[in-house]
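Take a look at the structure set out below.
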Amino acid sequence: MAHFTKAKSLHDWLNQRLAIDTLRRVLATEYWIPKNINFLWAMGMVLAITFALLLVSGIFLLMYYQPNVDLAFDSVNYTIMQEVGYGWLWRHIHGVAASVVFLIIYIHMFTGIYYGSYKKGREMIWISGMLLFVAFSAEAFSGYMLPWGQMSYWAGMVITNLFSMGGLQLDGLVEWIRGDYIPAQAFLNRFFMLHVLLIPLAIIGLIVLHFGALRIPHVNNQDGEEIDFEAEAAKYKAGNKKESKVIAFVNDFMSKDMMVVSIYLIFFFYLVFYHYDFAMDPVNFDPADGLKTPTHIYPEWYFLWSYEILRPFSTNVGLIAFAFAQVIFFLLPFLDRSPNAVPASRRGLFKYWFWAMLIDMIILTGMGKLPPEGIFSTIGLYAALLFIGLWIVLPFITKFEKKV
Amino acid sequence: MKNSSRRGFMGKAFGAVAGVGAVASLYAMKRSWDPLPSVKAAGFTTLDMTAYKENELVVEKWRGKPIFVLKHSKEMIDTLDENKSQITGESLGEIDKKRLVKIGNDYFMVTIGLCTHLGCIPGYNPDEKSFLCACHGGLYDDTGMVTKSPPPRGLDIPPFRIDGMKLVLGEEGPEYKKMKETGITL
Amino acid sequence: MKELLILAVVTFFTLVTYYLVEPFAHSQMHKHFESDGFAYKDLPAVTKKGDASRGKDLVSACIGCHGIEVAGFQAPMDAVSAAATFGVNPPDLSNAGVVFDEKFLANLIKNPAHALMVEHKFDPAKGQMHPMSEYYATGDDKEQEVADIVAYLRSIAVKQEELTPKMAFETACGRCHAVNYGNWTQIGEKPKFKKKQDELAFETQLLDYQDYLAKYMGTLPPDLSMYIRSRGEHYIETFIENPQNYLKGTAMPRVGVSAESAEKVIEHLKDVGDSKRHERETVGKYVMIYMLIFAIFAILWKKEVWRDLH
């Protein structure tokens, strides 16, 4: 047992037992971040804040939501939206945040791809981040079931049907996932559990892993420069803050984070109060009806690109393409064979690869929502083929990349 | 150092602004826990007082709580109980009626049927004309007055308003307000 | 400057994505119609000037099926029996004069199926008669008599400014559409029941009514509680003006409300489906002001901290 002395203060008492000074140093005041960064480096904090908003608003929704096929729709649209004091506010925050969180995730991901922040010891940051993306996707999908409107029901029907694996015809698996022949009470209850307990637990665990993965390789910087963190930290501590290439997480980096967060929150609350329709599909304000499919069904916007990769092909090919799209991003650190961990603008062909990938995914997103007819379906097909093609050529174009 | 104190100031100012926002959101959170309008609207029960029989306890429901309604017979009203008088020190004859609700020419005991000790429901014995709480042996008379401890006070009277031959529970009429002022009920 | 450029790039791609999945996708998926301002241009104008006192005698032709409560005429049948006979309960005409457009009313009395735009369902040649029969003139000037009836109905109705959104909704839509969140059923407001038997009796009546209605319309008209969110104001407005626009061949008749009444109907749908809209606007303003102040302080703090770093 360690040696304890009589504490001189509450701070000292806690410090002897929890080492709060050391924790503060390691996690905050002497956690070094490169100085050469831009606002895109604040997206992690923006995501953390958005997750907090989702958590708090979700807690209040949970107190009035009824996970019952007969009551769910009314508990959301009447009780929460019209009876509970500020219930509408929690719902609008929850709905808008659920949509906006994916916008930020995509910005965060493409920032990582552009600056090569998945390379040279940062692979685990990328992989844990991708796991978070998957967990958030599952969280978004399970949450979308809960209002039990037309889109909830039919999204539940279509997505669970994917698990029949096309030609394999695993209808038993689909029924097992639903606990019924159709999405019904058992389905709603289990997705409710997933949404409010299991997946949030996984997300919180993954966030810790994601932060932990960052601690040893440190955050990347705008020029992919390799920084001797110990030497630069010594300069900082000696008072040469202006010359040092690093800054402390608290307050230096945090103050910039908060500035970005504050501007983000203006945008966010504008959406919550004045422009929420994009995040809450009008069709989902019709109660679930198992005998009537809505004229147009489509996933929320953040799933559209992968949906469009599924759609233009025949069932089996589509499913394989879809599966490809789901896992391929995980492999990015290994498919990128280049030794350079620098911004895409300095990486030869990869520069074009990056912009082509970004634009292709936006096109897939746009086509994914449109009815699969005529020119839109053709564009969708070529965009899907381009997506697959881009990943196939990635190892080759990066292998021959010159070292900078 | 002048420089660092100024920096501290802005950091604190920002913290204060964020704190104001956090407190404001606490208000919204508090409001979310308030009883719903539909719960509040359902907080009124109207009783038709012509339907009750003498010395027969009827348990009604108001805001989810049991309400004892006991119509007093002439005999019950006329009974002068010396014990009660000794407990409160009031003159005989007065004591019975002041806890009762007069509707038309009849007197009713209308109380919340929860023992004021720890909230069990006392049972009525029509022969003894008394309420016994089985949990800890508290005893009340037929006006809801305590005759044996542990209950600290008589059975509580719900807010009521007399509307002809009807009694509206949940609203405060002048008769109820008077009871409250004179400390007959809480 | 570099940061602003990056911000511009991020904003650009965000907006392009938004444009594709929202305005563009919706323009491709949904037909769009503009309102005619409830002018009912396809119907001929009323040429004669009506006389309410003469109209008073002529409404005897109406009260065989319709009640006119303000004039002391009770409906000849209760709602369920009326639905059993006609398919739907004929409206009480007390406020018809203010809820419905004057020109529409006149045309309705002359030729119901035409004014209601349900001729595809009711073709006399095939023996499909509209339950409301055409008006047969007592004298030889049918135009004048119709104008008199309309004038009478307008004279007994409440004034436009006294017509509440709820009244407008009930007269115009409430016999076919329930509004659960407004406690409204097709046979009237759902009362509070003390006894389970009374409640079940009411439910049974309602189910009977809904069965007749569903048979008459082909399907039970939907509950409109959340239509303000699921369809939106513009759709509802242009839909009630001419249901055939969006749903060719629908059994839903053209309702024939005046422009003012249409506004009130929509107001009522907002009251039941989006009742917190005023609170949302007020709170929204305060939150936006607060966020601006929050941002200013955040920027000032950052400037101060970074003064030592650059």
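The values are calculated or read from the model by the stated rules, or taken from the named source; none is laboratory data. Just so it is clear, the structure is predicted and the values come from calculations on it, not from any experiment. Here the Cβ is made from the backbone with ideal geometry for all residues, glycine too, and neighbour counts use every protein chain on show. Surface areas here come from the heavy atoms of the whole protein model, side chains and all, with no ligands, DNA or RNA. Shrake-Rupley method; radii C 1.70, N 1.55, O 1.52, S 1.80 Å.
Under the condition of being modelled with pLDDT under 95 and open to solvent by less than 70 Å² (accessible area, probe 1.4 Å), the residues counted in region C:1-20 number 1.
Only one of the listed residues (A:Asp286, A:Asp277) is open to solvent by less than 40 Å² (accessible area, probe 1.4 Å) and in the same structural domain as A:Ile105 (by TED's automatic domain parsing). That residue is A:Asp286. Considered as a group, the residues in region C:275-310 that are under 27 Å from the mean Cα position of the chain (by Cα) and within 8 Å of chain A (Cβ to nearest Cβ) include one that is surrounded by the fewest Cβ atoms within 10 Å (Cβ to Cβ), and that residue is C:Glu281. Screening A:Ile125, A:Ile104, A:Ile159 for residues that are at pLDDT below 95, within 22 Å of the chain's Cα centre (by Cα) and more than 14 Å from chain B (Cβ to nearest Cβ) leaves exactly one candidate, A:Ile159. Only one of A:Ile359, A:Ile397 is open to solvent by 60 Å² or more (accessible area, probe 1.4 Å) and either over 23 Å from the mean Cα position of the chain (by Cα) or in the same structural domain as A:Leu335 (by TED's automatic domain parsing) (or both). Can you tell me which? So the residue among A:Ile359, A:Ile397 that is open to solvent by 60 Å² or more (accessible area, probe 1.4 Å) and either over 23 Å from the mean Cα position of the chain (by Cα) or in the same structural domain as A:Leu335 (by TED's automatic domain parsing) (or both) is A:Ile359. Beta carbons closer than 7 Å, at least 6 apart along the sequence or on distinct chains, pair a first residue in region A:241-258 that is more than 7 Å from every other protein chain (Cβ to nearest Cβ) with a second that is in a strand (DSSP E or B) for A:Lys245/A:Pro34; A:Val246/A:Trp32; A:Val246/A:Ile33; A:Val246/A:Pro34; A:Ala248/A:Trp32; A:Phe249/A:Ile33; A:Phe253/A:Ile33; A:Phe253/A:Ile247. A search for C-beta distances below 6 Å between a residue of region B:109-130 that is at positive phi and any residue that is at pLDDT below 85 and not aliphatic (A, V, I, L, M), counting only pairs 6+ apart in sequence or on different chains, returns B:Lys129/B:Asp142. If you go through region B:159-186 and keep only what is open to solvent by less than 40 Å² (accessible area, probe 1.4 Å) and more than 18 Å from B:Tyr52 (Cα to Cα), you end up with B:Pro159, B:Gly170, B:Gly173, B:Tyr176, B:Met179, B:Ile184, B:Thr185.
Tell me, please, whether a residue that is open to solvent by 10 Å² or more (accessible area, probe 1.4 Å) and under 30 Å from C:Phe294 (Cβ atoms) can be found in region A:346-355. No. No other residue among B:Asp163, B:Asp127 is at pLDDT 85 or above and of a type in the set (Asp, Glu) apart from B:Asp163. Would you be able to say whether some residue in region A:16-36 is at the interface with another protein chain (Cβ under 10 Å from one of its Cβ atoms) and either under 30 Å from C:Leu5 (Cβ atoms) or open to solvent by less than 50 Å² (accessible area, probe 1.4 Å) (or both)? Yes, region A:16-36 contains a residue that is at the interface with another protein chain (Cβ under 10 Å from one of its Cβ atoms) and either under 30 Å from C:Leu5 (Cβ atoms) or open to solvent by less than 50 Å² (accessible area, probe 1.4 Å) (or both). All of C:Thr164, C:Thr204 fail the test of being away from chain A (no Cβ under 14 Å), open to solvent by 50 Å² or more (accessible area, probe 1.4 Å), over 15 Å from the mean Cα position of the chain (by Cα) and β-branched (Val, Ile, Thr), apart from C:Thr204.
Among residues of region C:135-146 that are in the same structural domain as C:Lys103 (by TED's automatic domain parsing), those with a beta-carbon under 8 Å from a residue that is assigned to a loop (DSSP other than H, G, I, E, B) and surrounded by fewer than 12 Cβ atoms within 10 Å (Cβ to Cβ) at least six positions away or on a different chain give the pairs C:Glu143/C:Thr47; C:Glu145/C:Gly139. Of the residues A:Phe334, A:Phe303, A:Phe267, A:Phe350, the single one that is over 16 Å from A:Leu385 (Cα atoms) and within 10 Å of chain C (Cβ to nearest Cβ) is A:Phe267.
Residue-level check: of (1) hydrophobic (A, V, I, L, M, F, W, C); (2) open to solvent by 40 Å² or more (accessible area, probe 1.4 Å); (3) over 23 Å from A:Phe110 (Cα atoms), A:Phe229 misses just (2).
Residues of region A:363-381 being away from every other protein chain (no Cβ under 14 Å) and surrounded by fewer than 14 Cβ atoms within 10 Å (Cβ to Cβ), which ones? Correct list: A:Thr378 only. Only a single item in (1) modelled with pLDDT of 95 or more; (2) open to solvent by 60 Å² or more (accessible area, probe 1.4 Å); (3) within 30 Å of C:Arg277 (Cβ to Cβ); (4) not β-branched (Val, Ile, Thr) is not met by A:Leu331, and it is number (3). Restrict the check to region C:126-145 and report whether at least one residue is in contact with a Gly (Cβ under 7 Å, 6 or more places away or on another chain) and closer than 17 Å to C:Glu102 by Cα. Scanning region C:126-145, I find at least one residue that is in contact with a Gly (Cβ under 7 Å, 6 or more places away or on another chain) and closer than 17 Å to C:Glu102 by Cα, so the answer is yes. Six or more apart or on different chains, Cβ atoms under 6 Å: show the pairs whose first residue is in region B:1-30 and more than 11 Å from chain A (Cβ to nearest Cβ) and at positive phi and whose second is modelled with pLDDT under 95 and open to solvent by less than 50 Å² (accessible area, probe 1.4 Å). Taking only residues 6 or more apart or on different chains, not a single pair turns up.
Answer yes if at least one residue in region C:266-273 is at the interface with chain A (Cβ under 8 Å from one of its Cβ atoms), in contact with a helix residue (DSSP H, G or I) (Cβ under 9 Å, 6 or more places away or on another chain), over 22 Å from C:Met117 (Cβ atoms) and open to solvent by 20 Å² or more (accessible area, probe 1.4 Å), and no otherwise. Scanning region C:266-273 turns up no residue that is at the interface with chain A (Cβ under 8 Å from one of its Cβ atoms), in contact with a helix residue (DSSP H, G or I) (Cβ under 9 Å, 6 or more places away or on another chain), over 22 Å from C:Met117 (Cβ atoms) and open to solvent by 20 Å² or more (accessible area, probe 1.4 Å). Evaluating C:His30 against the criteria (1) of a type outside the set (Phe, Trp, Tyr); (2) open to solvent by 70 Å² or more (accessible area, probe 1.4 Å); (3) away from every other protein chain (no Cβ under 14 Å) leaves one unmet condition, (3). For region B:133-186, enumerate the residues that are part of a strand (DSSP E or B), closer than 15 Å to B:Phe68 by Cα and either outside the structural domain of B:Phe44 (by TED's automatic domain parsing) or out of contact with any Lys or Arg (no Cβ under 9 Å at 6 or more places or on another chain) (or both). Once the filter is applied, which keeps residues that are part of a strand (DSSP E or B), closer than 15 Å to B:Phe68 by Cα and either outside the structural domain of B:Phe44 (by TED's automatic domain parsing) or out of contact with any Lys or Arg (no Cβ under 9 Å at 6 or more places or on another chain) (or both), region B:133-186 yields only B:Phe160. Every residue in region A:277-286 that is within 9 Å of chain C (Cβ to nearest Cβ) and of a type outside the set (D, E, K, R), please. Within region A:277-286, A:Phe278, A:Met280, A:Pro282, A:Val283, A:Asn284, A:Phe285 qualify.
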